[in-house]
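The values are calculated or read from the model by the stated rules, or taken from the named source; none is laboratory data. Keep in mind the model is a prediction, meaning the values are calculated, not measured. With ideal geometry, Cβ positions are generated from the backbone for all residues, glycine too; neighbour counts draw on all protein chains shown.
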Amino acid sequence: MSGGLEALFSPIILFFVLGAAAAFARSDLSVPEAVAKGLSLYLMASIGLKGGVEVRQSGFSTEIFAAAGAGLALSLLLPFLAFAALRRFGRLGPIDAGAVAAHYGSVSVVTFVTGVEILTGRGLPPAGYMVAVLALMETPAIIVGLLLARRGLAGGAATGGDGLWRETLLNGSVVLLMGSFVIGLIAGKAGFAPIAPLFESGFRGALCLFLLDMGLIAARRLREARALTLRLAALAVLLPVVNGTLGVLAGTLVGLDTGSVAALGILAGSASYIAVPAAMRLALPQADAGLYLAMSLAVTFPFNITLGIPFYTALAGTMVAP
Amino acid sequence: MSGGLEALFSPIILFFVLGAAAAFARSDLSVPEAVAKGLSLYLMASIGLKGGVEVRQSGFSTEIFAAAGAGLALSLLLPFLAFAALRRFGRLGPIDAGAVAAHYGSVSVVTFVTGVEILTGRGLPPAGYMVAVLALMETPAIIVGLLLARRGLAGGAATGGDGLWRETLLNGSVVLLMGSFVIGLIAGKAGFAPIAPLFESGFRGALCLFLLDMGLIAARRLREARALTLRLAALAVLLPVVNGTLGVLAGTLVGLDTGSVAALGILAGSASYIAVPAAMRLALPQADAGLYLAMSLAVTFPFNITLGIPFYTALAGTMVAP
Amino acid sequence: MSGGLEALFSPIILFFVLGAAAAFARSDLSVPEAVAKGLSLYLMASIGLKGGVEVRQSGFSTEIFAAAGAGLALSLLLPFLAFAALRRFGRLGPIDAGAVAAHYGSVSVVTFVTGVEILTGRGLPPAGYMVAVLALMETPAIIVGLLLARRGLAGGAATGGDGLWRETLLNGSVVLLMGSFVIGLIAGKAGFAPIAPLFESGFRGALCLFLLDMGLIAARRLREARALTLRLAALAVLLPVVNGTLGVLAGTLVGLDTGSVAALGILAGSASYIAVPAAMRLALPQADAGLYLAMSLAVTFPFNITLGIPFYTALAGTMVAP
Amino acid sequence: MITTFRRQKIEILVDAPLVRRVAAAAAGVGIVHYTLVPTLGGVGARGAWSDDQVTGAEAKVLFVAVTGEEKAEALATALAPLLDSHGLMLMIGPVEVVRGEKF
Amino acid sequence: MITTFRRQKIEILVDAPLVRRVAAAAAGVGIVHYTLVPTLGGVGARGAWSDDQVTGAEAKVLFVAVTGEEKAEALATALAPLLDSHGLMLMIGPVEVVRGEKF
Amino acid sequence: MITTFRRQKIEILVDAPLVRRVAAAAAGVGIVHYTLVPTLGGVGARGAWSDDQVTGAEAKVLFVAVTGEEKAEALATALAPLLDSHGLMLMIGPVEVVRGEKF
Ligand SMILES: Nc1ncnc2c1ncn2[C@@H]1O[C@H](COP(=O)(O)O)[C@@H](O)[C@H]1O
Ligand SMILES: Nc1ncnc2c1ncn2[C@@H]1O[C@H](COP(=O)(O)O)[C@@H](O)[C@H]1O
Ligand SMILES: Nc1ncnc2c1ncn2[C@@H]1O[C@H](COP(=O)(O)O)[C@@H](O)[C@H]1O
Ligand code: NA
Ligand code: NA
Ligand code: NA
């Protein structure tokens, strides 16, 4: 694991730490929201494109379906586990527990992207199709979380109707990820070459600036988190560890390579802070947004970026190793 | 023409298609306006610089004046043609017809930029001075359109006074294009070298992201276009075809090379959606902005990006061919 | 000095001139604020990183402390000089004089960055630690300026209390500069390599676009500057010349290399337009913001970018020459 | 001296993804014209929020419509259930407009 | 207890490139102080608009000025011809301010 | 027919770095809920300003709070010294709200 922890001193992570430190010290440092959103679009387009190009190179294989199946199963099952833990140990009501559970069943694009960078740096690049798995895992947990929450509501008030399904399935980040993946598939290596300078060379630098902003956002949110009890903070660390371990197990079982197993662990261990919060505001407005954003963004995300990724990676190394 | 249609599968066009598809499916995908504006400034500075550097390399020639004359003539004459078609076939009143005609006499920077990329990819790079021709063609049609419209107004109310002339001649996009062109001229290849990594390598990738946004904007506008009759939609395809053909003819007559002839066709066939709408809001507020933006942005722009550019290119190939 | 003036025709400066010309001509050209802010963050992160990497390469030396001491002394002493000149020759009241003096004791990041580019282009790259000197010089002058101004106030009303000290010492630009510098130190050449494409290759191009915006902002501010008397405008040119000369002297005395001496001259000659105005709004709201921004941003900044930098460079060349 | 007409200005602070639903409710009571104004953040009974575009979860928008007293009340009544469940804030204030037939 | 003064708050929704002209009209009736507030989009009799900065054709801005009753009416009268031709929206509402001599 | 309650809407135009201080003053008189609205620029007795984010020196924000008459006046009184020294602008206008107990 010592090798993994070296990654803590890569500029990517250090910029995250810088952002968090600045926010804790109440510096007025801030990245304009439009720029941060632009960076996040760029990162998603880039990761989608590269995944598509890679799959075009390596060809389709049964592994893809195995990975997709494992990802789908994880994102449907993990919310049940999380829900139970949040209800009993976390002492949350069913509505808040359902909302938070949806976050932990879903995934965080930036955690994945950071993980891929670190894995690639260690010579363990995950397969290109993991991007498709990522996109696949973004939304199913929303449905499970809502069903779990609904039992706590008087009527069927927890459905957002049409709007919700569109909002969820056609969430901007899912569309951009899958769209870029398909464009990468169509374009292939040759078609990608002319746009590679922007999407490849600039990638890590842009990730630094984006993580600077994520550090600022996460730390500011932690400072303002009033609803976060100690028990919930503990769960925000425990859930990723357990989910990530299950992800690594699932990946090993279906026979993926080490890098892809680690990536599946990272996906399972990560918690959404884009697609799911937006869906919850719409479909479950009674849930406390301050709470689920504090857990996923202010605790789980920093944990994963710093300690979680090296842990899942080390675990994958032990499990898959010959 | 089959060669041209291959361009449809380049990432640049595919991102446009992705944006349009996302908007039609009512996804909430969106590019922050500030980022889109930033990208558009970058693209204009880049194309201006490269044009200037190229002219500095190749030296001034009489061709430049021939191309400029042809461009100027086109942008002064095309509005008359468009006006007549819009009045008779399109059944528009004089004010709306004048406003729309101004758009079709003027040019679209992004259509030009995309065309240059496609032409260059096919080994037919237009001459550097075509950027200056582009800038030259942005504004004259505004004056013609206003004169045509004014005949439909009670008094001389269609003039915006001083403000209009400044707004038009010193429109931000014209100033940035011409300014960068001149900077490119002064700097030359050597002066450009240190800034080339940003302005050259990043260009195609940035164009992808910008066209993603253009797809979103165009499709959203088409969905909301209430004033767009079938006849007007037909004209929004016919006008670029006719104007583009006239552009190719003019370019051939004055003796430009194939790439530049195709570029002149693209310019003539394109319709403004930056400089002209802004001027019309000021000088002809009675005209229906929903209408002229729907025609130029939601129909003509997508048509040109996908089918128009390959058509003008093929036409130029046939006309100029030895 | 003729060599230095060549720099006036580099695209970096020409984009500044283009922006200023566009604003004077009242063109509607504008860079979205969020994009400009994003560019400024990028430039600061980039210069910080590169400085840190360089210091890691060259190792710590006593020179660093000499440069830091000289910078600190300058930023504490220059406000007294400026205050006296502004009171007597500029005929300002003590509050405005104190506020303006703080600006001239502090530094301008963009002037420094532009100077480094020009010096590097001439084969005189300043030492990497000058970035730390820059960060060190940002805030002390604020305290001196406030003390000078306070004598003009009835009570001790000029202190902003806690808020001010945090705002000042943890000003976003200082935090980002120093933070990136430390990240560069930790990462070293090897850690920097993966992010170098964004932070190194793109740098000069981004500086062009940023200076385009600075030209627009400076010229618009000059046009609207009502409080700017001829005497104050003259001081806005004289103060940088005198301060810059003192900076070059100080750098020579403590034995820095030519490039670093020129850089210290540039720092001393430059006037803040980020950290200091923000602090003054908070701590000295009675001072006229229109005045100090007009002097530092609309007169001194353009002067330094065009004539000041070549002058300080030439001076450093004469002083340090063997 | 121009004639002005007394109308009501309704302002509704609403989560960005819910704007469509508020617009639909407004259309339901005959209010079809409106303007959207951005916001930066705030503090309410549910704690603080600020519009970071990265999560996008918390952006709020002011939905502003000028209309007659009856329609204004009808919209307030129609939205009442949402006010609590979705954390909307609704204010109605008096304004004078010209061209009264438009509102 | 602080003394407040009754004034009028005029809000004018205006196309961004026309702001200069509205400011000039306001200055013409003696209103020289104002504040500009951004908007995101809206729907009116002329259809929907939203502020995409790429075309820039449709950005609108709220011009807000606090002033006395007379000047407010004078500005409404002065702008009346533009309201229809340029699609402006003008509202006047009552406000209390301190430092009444400033407004 | 829904019941509405008469309250006051306070709007304070304030320099962005001073928002914290205004919020503290508001909290001091018992006003803890508010919303922030962005602005673009303006002209006042101290000249013109516009929000360029590069210098960041001149960004202003509208601090909006809906509250009862007493608290509104208390806040106006509490802020009075800052209005002049820091160039704030404060307006109070009447609004009707539902769920009166919240305000
Ligand atoms: N009294 C108030 N004045 C101004 N804004 C308010 C007020 N109460 C609530 N808000 C806004 O409405 C949002 C939601 O309110 P709440 O449901 O009470 O959390 C808050 O975050 C504020 O932005
Ligand atoms: N009743 C209204 N309430 C709020 N905003 C309005 C109203 N009527 C018009 N507007 C705004 O004014 C713009 C122009 O109105 P119109 O000229 O009717 O299209 C619209 O797009 C809206 O943004
Ligand atoms: N009468 C007014 N109406 C609207 N905004 C105003 C008014 N007076 C002042 N302001 C705003 O408040 C800012 C500061 O005002 P001042 O302290 O007078 O310079 C101005 O720049 C305007 O943005
Ligand atoms: Na997960
Ligand atoms: Na054309
Ligand atoms: Na200085």
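What to note about this one:
- Subset of region B:1-53 (residues that are within 11 Å of chain A (Cβ to nearest Cβ), more than 17 Å from E:Val54 (Cα to Cα), β-branched (Val, Ile, Thr) and in contact with a helix residue (DSSP H, G or I) (Cβ under 6 Å, 6 or more places away or on another chain)): B:Ile12
- If only residues of region E:1-59 that are under 24 Å from B:Met295 (Cα atoms) and charged (D, E, K, R) are counted, the one that is nearest to ligand 1 (Cβ to nearest atom) is E:Asp51.
- Here the condition is being surrounded by fewer than 23 Cβ atoms within 10 Å (Cβ to Cβ) and either β-branched (Val, Ile, Thr) or part of a helix (DSSP H, G or I) (or both); of A:Ile195, A:Ile186, it holds for A:Ile186 alone.
- The helices (runs of 4 or more DSSP H) found entirely in region C:1-99 that carry 2 or more residues being surrounded by fewer than 22 Cβ atoms within 10 Å (Cβ to Cβ) and free of Cβ contacts under 8 Å to residues at least 40 places away in the same chain are C:2-6, C:62-88.
- Failed item, numbered, when A:Arg231 is tested on (1) surrounded by fewer than 20 Cβ atoms within 10 Å (Cβ to Cβ); (2) within 14 Å of chain C (Cβ to nearest Cβ); (3) not aromatic (Phe, Trp, Tyr): (2)
- Scope region F:74-92; condition buried (at least 20 other Cβ atoms within 10 Å of the Cβ), within 7 Å of another protein chain (Cβ to nearest Cβ) and outside any loop (DSSP other than H, G, I, E, B); matching residues: F:Ala76, F:Leu90, F:Met91, F:Ile92
- Qualifying residue in region B:231-241 (condition: assigned to a loop (DSSP other than H, G, I, E, B) and out of contact with any strand residue (DSSP E or B) (no Cβ under 9 Å at 6 or more places or on another chain)): no
- Any hit, region E:34-41, residues being within 15 Å of ligand 3 (Cβ to nearest atom) and more than 9 Å from the chain's Cα centre (by Cα): yes
- In region C:173-186, residue farthest from the other protein chains (Cβ to nearest Cβ) [restricted to those that are touching a Leu at 6+ places or on another chain (Cβ under 7 Å) and touching a residue at least 60 places away in the same chain (Cβ under 8 Å)]: C:Leu177
- Count - residues of region B:130-148 that are farther than 18 Å from B:Ala278 by Cα and hydroxyl-bearing (Ser, Thr, Tyr): 0
- Near pairs, Cβ below 6 angstrom, 6+ apart or cross-chain, from region B:129-145 (farther than 14 Å from B:Thr111 by Cβ) to any residue that is assigned to a loop (DSSP other than H, G, I, E, B) and of a type in the set (Ser, Thr, Tyr): B:Ala141/B:Ser106
- Unique residue being more than 14 Å from the chain's Cα centre (by Cα), farther than 27 Å from F:Ala48 by Cβ and not in a helix (DSSP H, G or I) when the list is C:Gly255, C:Gly317: C:Gly255
- Evaluation of A:Leu284 against (1) touching a residue at least 60 places away in the same chain (Cβ under 8 Å); (2) within 15 Å of ligand 4 (Cβ to nearest atom) (one fails), failing number: (2)
Quick grid of which residues meet (1) closer than 23 Å to B:Ala149 by Cα; (2) polar (S, T, N, Q):
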{"position": "B:Ala271", "(1), (2)": "yes, no"}
{"position": "B:Pro277", "(1), (2)": "yes, no"}
{"position": "B:Gln286", "(1), (2)": "yes, yes"}
{"position": "B:Val299", "(1), (2)": "yes, no"}
{"position": "B:Phe303", "(1), (2)": "no, no"}
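- Test: residue in region C:291-303 that is surrounded by fewer than 24 Cβ atoms within 10 Å (Cβ to Cβ) and away from chain F (no Cβ under 14 Å): yes
- Within region A:288-307, the set of residues being small (Gly, Ala, Ser) and either at pLDDT 90 or above or under 18 Å from A:Val113 (Cα atoms) (or both) comprises A:Ala294, A:Ser296, A:Ala298.
- One residue from A:Ser58, A:Ser75 being polar (S, T, N, Q), at pLDDT 95 or above and more than 13 Å from A:Leu235 (Cβ to Cβ): A:Ser75
- Per-region count, region A:236-265, residues buried (at least 24 other Cβ atoms within 10 Å of the Cβ) and aliphatic (A, V, I, L, M): 8
- The set of residues in region D:12-40 being surrounded by 19 or more Cβ atoms within 10 Å (Cβ to Cβ) and assigned to a strand (DSSP E or B) consists of D:Ile12, D:Leu13, D:Val14, D:Asp15, D:Tyr34, D:Thr35, D:Leu36, D:Val37.
- Residue within region C:127-136 that is modelled with pLDDT under 90, in a helix (DSSP H, G or I) and either surrounded by fewer than 21 Cβ atoms within 10 Å (Cβ to Cβ) or within 16 Å of the chain's Cα centre (by Cα) (or both) present: no
- Summed over region C:266-290, the residues that are buried (at least 24 other Cβ atoms within 10 Å of the Cβ), of a type in the set (S, T, N, Q) and over 10 Å from the mean Cα position of the chain (by Cα) give a count of 0.
- Of all residues in region E:29-60 being touching a helix residue (DSSP H, G or I) at 6+ places or on another chain (Cβ under 6 Å) and at pLDDT 95 or above, the one that is nearest to the other protein chains (Cβ to nearest Cβ): E:Ile31
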